[in-house]
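Novice: Structure provided below as structure tokens; questions to follow.
The values are calculated or read from the model by the stated rules, or taken from the named source; none is laboratory data. Computed from a predicted model, the values in this text were never measured in an experiment. Because the Cβ atoms are built from the backbone with ideal geometry, glycine has one as well, and the counts that use them run over all protein chains shown. With ligands, DNA and RNA removed, areas are computed over all heavy atoms of the protein, side chains included. Shrake-Rupley method; radii C 1.70, N 1.55, O 1.52, S 1.80 Å.
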Amino acid sequence: MSNDATRPKIAIAGRHLAKKFGHVQALSDASITVPSGKVVALFGDNGAGKSTFLKLLLGIHHKDAGELIIGDEAVELHSVRDSQELGVDCVYQDLALAPDLSVVDNMFLGHEVPVRGALGRLGFVDRKEMEERADDALRRLSIKLPSLRVAVQDLSGGQRQAVAVARAVMWSKTAVLMDEPTAALGARQSEIVCDLMRTVAASGLGVLVVSHDLPRVLKVADDVTIIWRGKTALEAPAAGLTVPEVVSTMVGYQVGEAA
């Protein structure tokens with residue numbers, strides 16, 4: 001009883017997940033647990049099954065076997081809308097931002113706030129409320145931008161990534177998944193994004209990060225899961241791992257076997 005009372009709530013988890021595409025077994029026994037308030041890194045070599053794993057957790061693909069858990073409850077996901085309704089959102093590698101739209105318009109894309117009354121029914125949106133809520137969301141993550149009305153295409157790479165993270169957090173209640181969040185960013189911009197991961201976790205959300213940026217993400221993660229050939233090869237605290245140990249496990253060695 002005490003263990004249940006003290007353990008962190010599970011934000012999102014996959015247990016013994018399997019997925020086959022035709023004759024290709026993408027995942028055969030993959031498991032991961034992301035507690036609320038924690039950052040968990042998912043590592044794996046190219047082709048290990050990381051993308052498939054992420055898409056199963058989001059409901060983009062349907063699992064062949066295994067169990068999905070969101071907010072401490074076993075769930076069945078039939079689409080990405082199902083995971084979103086359960087409070088899970090994702091920062092995709094391509095960011096999925098509309099470059100010619102403003103910061104505010106991107107953060108409310110698909111979630112526009114209509115004005116009250118007849119004008120709202122005609123499609124008019126409450127820009128004042130949207131700007132206030134967007135500003136609040138950015139402030140809570142300590143994100144500073146030149147303007148909320150600037151087009152996303154006029155922001156730096158790090159600023160665009162920050163907007164994508166803020167948008168995901170704004171609509172998440174349970175977990176935020178991040179797919180290669182530091183890819184194509186410089187060192188300073190990558191550090192800012194990693195700081196954002198900790199800030200998001202501190203707000204109580206679970207954070208799952210899929211990344212090849214081993215040194216940087218190891219420093220920010222609480223736990224690490226490594227998959228190899230569609231199976232979970234390691235689940236361990238990040239503090240006890242080195243980059244060589246992670247690489248050894250990613251390519252098929254057990255931790256400690258590679259000299």
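Novice: Within the group Ala118, Ala65, Ala41, which residue is at pLDDT 95 or above and surrounded by fewer than 21 Cβ atoms within 10 Å (Cβ to Cβ)?
Specialist: On the way: Ala118 fails: at pLDDT 95 or above; Ala41 fails: surrounded by fewer than 21 Cβ atoms within 10 Å (Cβ to Cβ).
When all the criteria are applied, what remains is Ala65.
Novice: Taking the range 155-182 as the search range and keeping residues that are assigned to a loop (DSSP other than H, G, I, E, B) and open to solvent by 40 Å² or more (accessible area, probe 1.4 Å), which one is farthest from Ala221 (Cα to Cα)?
Specialist: Result: Ser156.
Novice: If only one of Asp100, Asp82 is of a type outside the set (A, V, I, L, M), assigned to a loop (DSSP other than H, G, I, E, B) and closer than 30 Å to Lys55 by Cβ, which one is it? It would help to see each step written out before you state the result.
Specialist: Values: Asp82 fails: assigned to a loop (DSSP other than H, G, I, E, B).
After applying the criteria, what remains is Asp100.
Novice: So, one more: What residue, among those in the range 191-207 that are of a type in the set (Gly, Ala, Ser) and not in a helix (DSSP H, G or I), is surrounded by the most Cβ atoms within 10 Å (Cβ to Cβ)? Steps first, please.
Specialist: Here is the first cut: in the range 191-207, the ones of a type in the set (Gly, Ala, Ser) are 201-204, 206.
Pick out the ones that are also not in a helix (DSSP H, G or I) and you get 203-204, 206.
Details: Ser203: 15, Gly204: 12, Gly206: 29.
Checking each candidate, the answer is Gly206.
Novice: With respect to Ser36, determine if the residue is in contact with a Pro (Cβ under 8 Å, 6 or more places away or on another chain), polar (S, T, N, Q) and either open to solvent by 20 Å² or more (accessible area, probe 1.4 Å) or in contact (Cβ under 8 Å) with a residue 60 or more places away in the chain (or both). Reasoning before the result, please.
Specialist: Values: in contact with a Pro (Cβ under 8 Å, 6 or more places away or on another chain): yes; polar (S, T, N, Q): yes; either open to solvent by 20 Å² or more (accessible area, probe 1.4 Å) or in contact (Cβ under 8 Å) with a residue 60 or more places away in the chain (or both): yes.
Criteria met by Ser36.
Novice: Can I ask one more? State whether one or more residues within the range 125-136 are assigned to a loop (DSSP other than H, G, I, E, B), over 30 Å from Ser28 (Cβ atoms) and charged (D, E, K, R).
Specialist: yes
Novice: Of (1) within 23 Å of Leu54 (Cα to Cα); (2) without any contact (Cβ under 8 Å) to a residue 24 or more places away in the chain, Asp154 satisfies all except one. Which?
Specialist: Failing condition for Asp154: (1).
Conditions tested, residue by residue: (1) in contact with a His (Cβ under 9 Å, 6 or more places away or on another chain); (2) more than 15 Å from Leu177 (Cβ to Cβ); (3) open to solvent by less than 80 Å² (accessible area, probe 1.4 Å); (4) at pLDDT 95 or above.
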| site | (1), (2), (3), (4) |
| --- | --- |
| Thr6 | no, yes, no, no |
| Ala13 | no, no, yes, yes |
| Lys19 | yes, yes, yes, yes |
| Gly22 | no, yes, yes, no |
| Ala48 | no, yes, yes, no |
| Ile70 | no, no, yes, yes |
| Val80 | no, no, yes, no |
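Novice: Counting only residues that are open to solvent by 10 Å² or more (accessible area, probe 1.4 Å) and assigned to a loop (DSSP other than H, G, I, E, B), how many does the range 208-218 have? Before the answer, list the steps.
Specialist: Our first condition is that a residue be open to solvent by 10 Å² or more (accessible area, probe 1.4 Å); within the range 208-218, this holds for 212-216, 218.
Of the ones still in play, those that are also assigned to a loop (DSSP other than H, G, I, E, B) are 212-213.
So the count comes out to 2.
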